[in-house]
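Visitor: The structure under discussion is supplied below as structure tokens; questions concerning it will follow.
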Amino acid sequence: MKKYFSIVALSLMLTSCMGTMGLSGKVKKFNLEVTEHRWGREGVFLGLQILWVYRICGLLDLLIFNSIEFWSGENPINGKSPLVDVPIDQVKKMGFDDIRDAHIERVSSTEAKLYIDFINGDHVTFDVIRTGDKYTVSLMGKQFFEGQIGQNVQEMQYAGVVK
């Protein structure tokens, strides 16, 4: 039994997929749509927490559905592709192998700032604007990337940097 558990645990640790958490997202969507009243939503949320619905769905997402998404390229619950799917050679072409630190600061529900610090001391701040399921990343007011949440990033030309 211990050997079986070790094999299962090891195989789960090797998947390393963040995933879209499709089942948890469906439960959250249900909670947001069940009532417009914020106290009603809180009651539904507490009920789902007490009954362990969120925990069970999160566990199923982590152990089963996100692993399927990692290996097949599509989440079986919501049909979306993995959140991060950029080939390493494209990342290296952009010079992102010299990054020391990167973090995102949420400004509002539709805006964020992406801060990147490079090993040589340079700093870059990107503006990220979300409109529905689409987002644009701009640098100094010029559009740099355009993409759709859960889909691959679409490159855009910016001052001859990306071709």
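Every number here is computed from the coordinates shown, using simple stated rules; none is lab data. Model, not experiment: these values are computed from the prediction. Counting neighbours? That spans all protein chains shown, and the Cβs are built from the backbone with ideal geometry, glycine included.
Visitor: Whole-Hz ³J(HN,Hα) for each residue in segment 122-136, computed from phi via Karplus 6.51 cos²θ - 1.76 cosθ + 1.60 with θ = phi - 60°, x for glycine and proline: what do you get?
Guide: After applying 6.51 cos²θ - 1.76 cosθ + 1.60, I find 5, 10, 10, 10, 9, 9, 10, 10, 10, 10, x, 8, 9, 9, 10 Hz.
Visitor: Starting from the Cα of T125, step 7 Å along the direction of its Cβ; do the same at M1; then give the gap between the two resulting points in nm.
Guide: 5.7
Visitor: Using 7 Å Cα-to-Cβ label points, what is the L32/F118 separation (nm, one decimal)?
Guide: Rounded to a tenth, the inter-label distance reads 3.7 nm.
Visitor: Going by how many other Cβ atoms sit within 10 Å of their own, how do K28, K3 line up, fewest first?
Guide: By the 10 Å Cβ count, ascending, the order reads K3, K28.
Visitor: Convert each backbone phi in segment 28-45 into a coupling constant with the Karplus relation 6.51 cos²θ - 1.76 cosθ + 1.60 (shift: θ = phi - 60°), then list the ³J(HN,Hα) values in order as whole Hz, x for Gly and Pro.
Guide: Computed from phi, the couplings for segment 28-45 are 4, 4, 4, 4, 6, 9, 5, 8, 8, 7, 5, 6, x, 4, 5, x, 5, 4 Hz.
Visitor: Could you work out how much longer the chain between I50 and K142 gets when fully extended? Use 0.36 nm per residue separation minus the Cα distance between them, nm to one decimal.
Guide: Length gained, I50 through K142: 28.4 nm.
Visitor: For segment 2-72, what is the charge dipole size about the Cα centre, in debye to the nearest 20, if Lys and Arg each add +1 at the Cβ and Asp and Glu each add -1 at the Cβ?
Guide: Rounded to the nearest 20 debye, it is 220 debye.
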